[in-house]
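The structure appears right after this line, and notes come after that.
The values are calculated or read from the model by the stated rules, or taken from the named source; none is laboratory data. Computed from a predicted structure; not experimentally measured. A quick note on method: Cβ atoms are made from the backbone with ideal geometry, for glycine too, and the neighbour counts reach across all protein chains shown. Surface accessibility is based on the protein's heavy atoms, side chains included, excluding ligands, DNA and RNA. Shrake-Rupley method; radii C 1.70, N 1.55, O 1.52, S 1.80 Å.
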Amino acid sequence: IFSNISIEIYPKSIFILYGKSGIGKTTFVKLIMKLLIPHSGKIILGGLDYKNIESKIIRKRIGYVSQDLNLFKGTIRENITFWDQRFMNDKKKIIESMKLASCGDLVDRLDENIGDQGLKLSGGQKQRIIIAREIFKNPSILILDEPTSALDPKNQVNIKRNLLKLRSKFRIIIITHEKSFLKLGDKVLRLDKLKKY
């Protein structure tokens with residue numbers, strides 16, 4: 001899928017991976033998360049070859065928001081903190097993460113049980129809480145796969161605005177087929193422009 005390409009993703013930047021479905025976006029993410037190993041070439045993180053870094057260490061440094069809106073039976077607080085007792089009572093950090101994910105409107109429902117798979121929430125609310133969960137983890141790299149797919153136009157605008165703020169905290173990788181994201185990127189890789197092998 002990828003041949004003769006060289007990409008550097010800088011700290012405090014937004015990298016856009018753009019292309020239609022089936023063109024290689026998921027493969028790119030799997031390479032970054034070390035779910036796939038390249039046949040040739042190298043992936044370097046912090047000066048170290050991926051091959052020499054344990055997978056669990058790489059995944060700990062990556063926040064990934066997939067298109068699957070997976071929430072657990074429990075409260076919003078529990079879903080954001082993953083029941084980690086060290087952080088369950090860090091309300092300030094939880095609320096800050098929620099605001100950056102455009103779900104500050106749900107702060108009053110922090111300790112409400114949202115039901116199995118977030119049954120009591122809309123698709124857009126689920127997506128924003130999952131983004132808040134990954135922001136809360138404070139990763140080195142934040143990967144967002146079609147981050148506004150379940151959102152209404154107002155929240156799409158808010159998320160895009162907040163992504164520009166988040167750029168000062170993370171390397172952000174946005175996987176998308178929406179052209180409106182292209183202007184947000186410090187660097188863009190258009191898979192539709194690459195020759196397929």
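Search the stretch 12-38 for residues being part of a loop (DSSP other than H, G, I, E, B) and under 15 Å from the mean Cα position of the chain (by Cα), and hand back the single one that is surrounded by the most Cβ atoms within 10 Å (Cβ to Cβ).
Of the stretch 12-38, the ones part of a loop (DSSP other than H, G, I, E, B) are 12, 19-24, 33-38.
After this cut, where a residue has to be under 15 Å from the mean Cα position of the chain (by Cα) as well, the list is 12, 33.
Values: LYS12: 12, MET33: 15.
My answer is MET33.
Out of ARG86, ARG77, ARG59, one residue alone is within 18 Å of the chain's Cα centre (by Cα) and among the basic types (Lys, Arg). It is ARG59. Residues in the stretch 56-72 that are touching a residue at least 60 places away in the same chain (Cβ under 8 Å), of a type in the set (A, V, I, L, M, F, W, C) and over 22 Å from LEU121 (Cα atoms): ILE62 alone. Of all residue pairs spaced 6 or more apart or on separate chains, those with beta-carbon atoms under 6 Å, a first member in the stretch 73-99 that is over 13 Å from ARG133 (Cβ atoms) and a second member that is open to solvent by 40 Å² or more (accessible area, probe 1.4 Å) are LYS73/ASP116.
Are any of the residues in the stretch 182-189 surrounded by fewer than 19 Cβ atoms within 10 Å (Cβ to Cβ), without any contact (Cβ under 8 Å) to a residue 60 or more places away in the chain and more than 19 Å from the chain's Cα centre (by Cα)? So far as the stretch 182-189 goes, no, none of its residues is surrounded by fewer than 19 Cβ atoms within 10 Å (Cβ to Cβ), without any contact (Cβ under 8 Å) to a residue 60 or more places away in the chain and more than 19 Å from the chain's Cα centre (by Cα).
Which residues, counting only those in the stretch 2-23, are modelled with pLDDT of 85 or more and closer than 21 Å to LYS179 by Cβ? Residues satisfying the conditions are ILE7, ILE9, SER13, ILE14, PHE15, ILE16, LEU17, TYR18, GLY19, LYS20. Being at pLDDT below 90 and out of contact with any helix residue (DSSP H, G or I) (no Cβ under 8 Å at 6 or more places or on another chain) holds for only one residue in LYS60, LYS92, LYS137, LYS120, and it is LYS60. Checked against (1) in contact with a Leu (Cβ under 6 Å, 6 or more places away or on another chain); (2) at pLDDT below 90, LYS51 passes all but a single condition, namely (1).
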